[in-house]
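Novice: Below: one structure in structure tokens.
Derivation of every value follows stated rules applied to the coordinates shown; laboratory data play no part. Keep in mind it's a predicted model, so treat the numbers as computed, not measured. Neighbour counts run over all protein chains shown; Cβ positions are idealised from the backbone, glycine included.
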Amino acid sequence: MGGKRVSWGIVVLLFVLFFPAGIWLLASKMTREKGRERENGKGLKWFGWTLIALEALYIIMGLSGELTVEPGESLAGGLILMTALLGGGGAFMVWKGTVYMARGAMYARYAAIAHAQPDGSVHRIAEAYPARYDQAIRVLKQMAEDGYFPGGYLDEARGELVLPGRRTTPELSKPRRITCPNCGAHQTLEAGGADSCEYCGSPLE
């Protein structure tokens, strides 16, 4: 979230006066608002489809002869320029909105799973999502830095998401010696590692 923030007034002004920069600033500002990924993603997609519709209307008007140009100017050149600005800008907004909505859905699922867990084990959170352990670490770290877990933080060394008022799990921070209840095999269960017997595949607790 580094860098100087741009006010909505400047964004609107640039959008009117310098269209391409306005598109980029609008998308940038809407994707910086934490906690509103899905809402802003829908807004970006709606705006993108509106630009694409305007581009289609402009082309139809040009092909039907309803658009006029000054002497010496090219109608085809104008159509190509507007297609690039409106169509390209609209496609960019739709893509950005789709990506942002997907991120919002992912964050919401991770947050729901994390709060529903009896402890902060990243391994259990990743298993419930489901996702790879390293993927869960990366996402939860970013969410914690962006303030999605007020007062909480990610302890990467212990593989634990620490939230206020919830017990920690010191037993998960170091390897544990486990006896499989099914086949009786002895093995070491690493923090963040597999939670099933390497011999018979039975779940280990």
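Novice: Ordered by residue, what ³J(HN,Hα) values in Hz, to whole numbers, does the range 42-59 give under the Karplus form 6.51 cos²θ - 1.76 cosθ + 1.60, where θ = phi - 60° and Gly and Pro are x?
Specialist: 4, x, 5, 5, 4, 5, x, 5, 5, 5, 5, 5, 5, 5, 4, 5, 5, 5
Novice: Quick one: which of 179-186, 54-61 comes out on top by average Cβ neighbours within 10 Å, and what's the full order, highest first?
Specialist: Working: 179-186: 12.1, 54-61: 15.0.
Those peptides, ordered most packed to least, come out 54-61, 179-186.
Novice: What pairs in K45/K141; K42/K96; K34/K141 have C-alpha atoms more than 19 Å from each other? All intermediate terms of the calculation are to be shown ahead of the outcome.
Specialist: Working: K45/K141 27 Å; K42/K96 10 Å; K34/K141 14 Å.
Check vs 19 Å cut-off fails for K45/K141.
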